[in-house]
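Enquirer: Dropping the structure in here first, questions after.
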Amino acid sequence: MAGQQRAPRQPGRAERPGRDVAAWRPGVPGVVEVFHAHFTEYAYPMHVHEAWTLLIVDDGAVRYDLDRHQHGTPHDTVSLLPPHVPHNGSAATPEGFRKRVVYLDATRLGDELIGAAVDGPDLRDPVLRRRVGQLHTALAHPGDELEAESRLTLIAERLEEHLRHRSPGGGRPPRRDPRLARRLRELLDERVAHGLALEEAAALLGAHPAHLVRAFSTAYGIAPHQYLMSRRVGRARRLLLEGRPPGEVAPATGFYDQAHLTRHFKRLVGVTPGRYRLSAR
């Protein structure tokens, strides 16, 4: 998302014996809250949420009741608990559990899907599980909102396919739309430093966000957020070779701060911006 916008509040942590939690509200449309927790003894009583609960468990397992039926969440499962339906939760192993949760509002998943989620809340889908993990990584870093929004759009699409009892992915080839892909690339090129939200791009180009991401990825072999970061790193390289310090280069090229620049720069170039600058001749 736009580098000039206010970044989401950083995760706050609260620790008690057997409880370790972090919660924050990122600046990503449709995300009500992100919640990470490690519980060993705590058990949730019956309760409800106004939002959809998208849950993955990294260690241990959770046992819960939903609509008077017992369910479980081993580490390879994605669980989707619908809003307004009572459920509880407790550790299914003596070691407790470590979980990551994203709470989503109705703009991402509609109430018409609640019944299907009650019938089958636990989804065995390795692709979906990997994507949800990648979403959490993006949500934890201010400045990566475009990546988070893109990943969440594809996740919501896949969840709908599960809930509507279609085969996720369907085996259908990606729909090509080179003209739309080119228009998005031109838009990203215009907004390298300022940034661009996926919803804004979709509104400007008159396309569904999921189709926009798929069309771009199919045309260029790279996701829109990866393309934008590559362009930003390219600009940063030029400025660093001119002798400008990383702390000055970061905001000039659209990064949230120097740490944000360093993380993406090192991943794409192999060295930190500081070392790259010192290597200039």
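The values are calculated or read from the model by the stated rules, or taken from the named source; none is laboratory data. Being a predicted model, the structure only gives us computed values, none of them experimental. In this analysis, Cβ positions are derived from the backbone assuming ideal geometry, glycine residues included, and neighbour counts consider all displayed protein chains. To get the accessible areas, we keep the full protein, side chains included, count just its heavy atoms, and leave off ligands, DNA and RNA. Shrake-Rupley method; radii C 1.70, N 1.55, O 1.52, S 1.80 Å.
Enquirer: For the list (1) assigned to a helix (DSSP H, G or I); (2) open to solvent by 20 Å² or more (accessible area, probe 1.4 Å); (3) within 29 Å of ARG158 (Cα to Cα), I need the number of the one condition that ARG176 fails.
Expert: (1)
Enquirer: Restricting the search to the range 210-238, which residues are part of a helix (DSSP H, G or I), open to solvent by less than 30 Å² (accessible area, probe 1.4 Å) and either within 30 Å of ALA280 (Cα to Cα) or not aromatic (Phe, Trp, Tyr) (or both)? Quick ask: steps written out before the conclusion?
Expert: From the range 210-238, those part of a helix (DSSP H, G or I) are 210-220, 224-238; that's our starting set.
From the residues that got through so far, the ones that are open to solvent by less than 30 Å² (accessible area, probe 1.4 Å) too are 210, 212-213, 215-216, 224-225, 228-229, 232-234, 236.
Listed by number, the residues that qualify are ALA210, LEU212, VAL213, ALA215, PRO224, HIS225, LEU228, MET229, ARG232, VAL233, GLY234, ALA236.
Enquirer: Any residue at all in the range 218-238 that's among the aromatic types (Phe, Trp, Tyr) and farther than 30 Å from ARG108 by Cα? Talk me through it step by step, then tell me what you get.
Expert: The initial filter retains those residues of the range 218-238 that are among the aromatic types (Phe, Trp, Tyr), namely 220, 227.
Keeping just the survivors that are farther than 30 Å from ARG108 by Cα gives none.
Scanning the range 218-238, I find no residue that is among the aromatic types (Phe, Trp, Tyr) and farther than 30 Å from ARG108 by Cα, so the answer is no.
Enquirer: Another question, then. Please give the helices (runs of 4 or more DSSP H) falling wholly within the range 56-170 in which 2 or more residues are open to solvent by 20 Å² or more (accessible area, probe 1.4 Å), touching a residue at least 40 places away in the same chain (Cβ under 8 Å) and within 28 Å of LEU188 (Cα to Cα). Lay out the reasoning, then the answer.
Expert: Values: elements: 114-119, 126-139, 145-163.
Output list reads 145-163.
Enquirer: Here's something else I'd like to know. Out of (1) free of Cβ contacts under 8 Å to residues at least 60 places away in the same chain; (2) open to solvent by 50 Å² or more (accessible area, probe 1.4 Å); (3) part of a strand (DSSP E or B), what's the single condition that is false for GLU33?
Expert: Here GLU33 meets the rest and fails (1).
Enquirer: For the range 184-196, name all the residues that are part of a helix (DSSP H, G or I) and among the β-branched types (Val, Ile, Thr).
Expert: Selection gives nothing.
Enquirer: Could I ask something else about it? Return the residues of the range 239-251 that are part of a helix (DSSP H, G or I) and either within 17 Å of the chain's Cα centre (by Cα) or closer than 19 Å to ARG275 by Cβ (or both); say none if nothing qualifies. Talk me through it step by step, then tell me what you get.
Expert: Step one: of the range 239-251, the residues part of a helix (DSSP H, G or I) are 239-241, 246-251.
Residues satisfying the conditions are LEU239, LEU240, LEU241, PRO246, GLY247, GLU248, VAL249, ALA250.
Enquirer: Identify the residue in the range 259-281 that is charged (D, E, K, R) and over 12 Å from SER230 (Cα atoms) and, among all such residues, is most open to solvent (accessible area, probe 1.4 Å).
Expert: As a first pass, look at the range 259-281 and keep what is charged (D, E, K, R): 263, 266-267, 275, 277, 281.
Filter once more, keeping what is over 12 Å from SER230 (Cα atoms): 263, 275, 277, 281.
On the way: ARG263: 85, ARG275: 162, ARG277: 85, ARG281: 274 Å².
Looking at the filtered set, the residue picked out is ARG281.
Enquirer: Further, regarding this structure: When you check GLU199 against the structure, is it assigned to a helix (DSSP H, G or I), open to solvent by 80 Å² or more (accessible area, probe 1.4 Å) and modelled with pLDDT of 90 or more, yes or no?
Expert: Numbers: assigned to a helix (DSSP H, G or I): yes; open to solvent by 80 Å² or more (accessible area, probe 1.4 Å): yes; modelled with pLDDT of 90 or more: yes.
Considered against the rule, which asks whether it is assigned to a helix (DSSP H, G or I), open to solvent by 80 Å² or more (accessible area, probe 1.4 Å) and modelled with pLDDT of 90 or more, GLU199 comes out as yes.
Enquirer: Inside the range 53-76, can you point out the residues that are among the polar types (S, T, N, Q) and at pLDDT below 90?
Expert: Just the residues of the range 53-76 that are among the polar types (S, T, N, Q), to begin with: 53, 70, 73.
GLN70, THR73 - these are the residues of the range 53-76 that are among the polar types (S, T, N, Q) and at pLDDT below 90.
Enquirer: Looking for something within 19 Å of PRO142 (Cβ to Cβ) and without any contact (Cβ under 8 Å) to a residue 12 or more places away in the chain - is there at least one such residue anywhere in the range 235-247? Can you show your working first?
Expert: As a first pass, look at the range 235-247 and keep what is within 19 Å of PRO142 (Cβ to Cβ): 236, 246-247.
Retained after the next criterion (residues that are without any contact (Cβ under 8 Å) to a residue 12 or more places away in the chain): 247.
Yes; the residues of the range 235-247 include at least one that is within 19 Å of PRO142 (Cβ to Cβ) and without any contact (Cβ under 8 Å) to a residue 12 or more places away in the chain.
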